[in-house]
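The values are calculated or read from the model by the stated rules, or taken from the named source; none is laboratory data. Remember, predicted model here, so these are calculated numbers, not experimental data. Glycine gets a Cβ as well: all are built from the backbone with ideal geometry, and neighbour counts include every protein chain shown.
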């Protein structure tokens with residue numbers, strides 16, 4: 001079965017998604033184009049090691065509306081990744097599914113700062129949370145990442161994945177096991193936007 005993409009945007013998307021995914025096992029049947037809405041806009045900046053993005057501007061636009069409808073043929077999906085969006089929308093999407101075997105969710109500092117209670121409710125419904133090291137420290141109020149992962153696990157998810165940029169990643173499971181994975185060495189990093197999404201996609205495909 002192909003990977004199904006469910007989301008919503010407006011026709012102002014700067015590129016043609018169908019062409020981007022042409023020839024790949026990606027089904028866009030769940031993509032809604034809402035011409036009366038505006039596409040979500042986020043602007044951020046990176047400094048120093050470029051591991052942490054600072055939100056400079058955000059316009060929720062279509063993300064302030066109801067989530068897309070999950071196509072009938074994908075309601076029984078067993079492996080689900082809730083991409084980075086408002087926790088309320090992530091929960092509403094999850095509620096449309098039957099009984100998935102494994103649910104992972106992404107989040108970011110924007111939602112931790114502004115929608116923390118919603119995020120805590122989401123974490124009780126998922127199996128895995130994916131976030132970067134700055135977000136992990138913020139969410140757990142703990143600088144040590146090993147301790148932060150354990151504290152986040154106590155909030156609900158049985159697996160916590162912490163991305164560490166050029167230092168790789170840490171995975172903690174509910175039985176206390178830790179798996180530390182190094183990153184591919186790179187000498188020049190210009191724009192890491194989307195790197196976390198690529199990482200999560202690869203993680204879900206394992």
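General remarks:
- Hits in the range 146-162 - residues which are touching a helix residue (DSSP H, G or I) at 6+ places or on another chain (Cβ under 6 Å) and crowded, with 21+ Cβ neighbours inside 10 Å: 148, 152, 157, 160, 162
- Residue count for the range 74-92 under the criterion of being closer than 16 Å to residue 27 by Cβ and in a helix (DSSP H, G or I): the result is 1.
- Within the range 93-109, being free of Cβ contacts under 8 Å to residues at least 60 places away in the same chain, assigned to a helix (DSSP H, G or I) and over 12 Å from the mean Cα position of the chain (by Cα) holds for 94, 95.
- Among the residues of the range 144-163, the ones that are assigned to a loop (DSSP other than H, G, I, E, B) and touching a strand residue (DSSP E or B) at 6+ places or on another chain (Cβ under 7 Å) come to 2 in all.
- Residue-level check: of (1) surrounded by fewer than 18 Cβ atoms within 10 Å (Cβ to Cβ); (2) in contact (Cβ under 8 Å) with a residue 12 or more places away in the chain; (3) farther than 30 Å from residue 168 by Cβ, residue 63 misses just (1).
- Residue tally, condition surrounded by fewer than 19 Cβ atoms within 10 Å (Cβ to Cβ) and more than 19 Å from residue 192 (Cβ to Cβ), over the range 163-178: 7
- Taking (1) within 19 Å of the chain's Cα centre (by Cα); (2) closer than 28 Å to residue 132 by Cβ in turn, residue 66 satisfies each apart from (2).
- Within the range 4-20, the set of residues being buried (at least 16 other Cβ atoms within 10 Å of the Cβ), modelled with pLDDT under 85 and within 20 Å of the chain's Cα centre (by Cα) comprises 9 only.
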